[in-house]
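Below is one structure; the comments refer to it alone.
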Amino acid sequence: CAEAIAAASRAGLVRVMRGEVFLGMPCREAVLRVIELPFKGRDAIRKVVKAEIEGEIHSHVVDDMVVDFHEIGPGAEGSTRVLVASVPKAGLRQQLQALSAQSIEPEAVDLDTMALWRVADWAGAFEAGGEGAVAGGVTAVVDLGTRSVKVVLVEGNSLVEMRALRLGDGAIADDVARRNGISAQVARDVVRECLVSGGD
């Protein structure tokens, strides 16, 4: 919950962290769409992106969401391909209020998948000849979590797509425990061993 995240953040800041604070919202909370706009320029895109994405989202009212975008490359005839992320304001507001109650004021808010992309880039995952990099291909960065899997697709070092799947190793462990009549902890240990060893 928002309060638990805020309390853990405060504890981390007290113990080890210094400098600016950024909030990484879970990508699973966002609605992601790739659209193509018939012009270039960040300022021009910013003026129209919310209106353009409105017809692409059917599960939420766009006015109740925070909308931002990332340019992912040129389209046809001078257009721009844009990855648009829309996050419901209610959940974001709740998290910011919980952080504020802990005297934490984030400098900026971003999706956790954007942080995953930046960290992978910082670690050299996309350098030519680097470990994991594919010459002329697309590199997939995968973060397997307990309840979700984050996937970032990168061409060269440019982000081209990202997604969060609502399935993680916790769901697999729960299923293993249920099917085999074993405790949740034993099932988690078994799943972890399979992931590490590649065994079945």
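The values are calculated or read from the model by the stated rules, or taken from the named source; none is laboratory data. None of these values were measured; they are calculated from a predicted model. Methodologically, a virtual Cβ is constructed for each residue, glycine included, from the backbone with ideal geometry; neighbour enumeration extends over all protein chains shown. Note: areas computed on protein heavy atoms with side chains; ligands, DNA, RNA excluded. Shrake-Rupley method; radii C 1.70, N 1.55, O 1.52, S 1.80 Å.
The table for this structure:
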{"item": "Residue satisfying all of: in region 64-97; buried (at least 17 other Cβ atoms within 10 Å of the Cβ) and polar (S, T, N, Q); nearest to residue 53 (Cα to Cα) among these", "result": "86"}
{"item": "Which listed residue, of 163, 179, is within 24 Å of residue 34 (Cβ to Cβ) and open to solvent by 60 Å² or more (accessible area, probe 1.4 Å)", "result": "163"}
{"item": "Residue in region 48-60 that is buried (at least 17 other Cβ atoms within 10 Å of the Cβ), farther than 23 Å from residue 108 by Cα and of a type in the set (D, E, K, R) present", "result": "yes"}
{"item": "Residues that are assigned to a loop (DSSP other than H, G, I, E, B) and among the β-branched types (Val, Ile, Thr), drawn from region 139-156", "result": "146"}
{"item": "Residue in region 54-77 that is in contact with a Phe, Trp or Tyr (Cβ under 9 Å, 6 or more places away or on another chain) and over 24 Å from residue 146 (Cα atoms) present", "result": "no"}
{"item": "Strands (runs of 3 or more DSSP E) fully within region 17-96 counting 1 or more residues that are among the aromatic types (Phe, Trp, Tyr) and either out of contact with any helix residue (DSSP H, G or I) (no Cβ under 6 Å at 6 or more places or on another chain) or under 23 Å from residue 157 (Cβ atoms) (or both)", "result": "22-25, 65-74"}
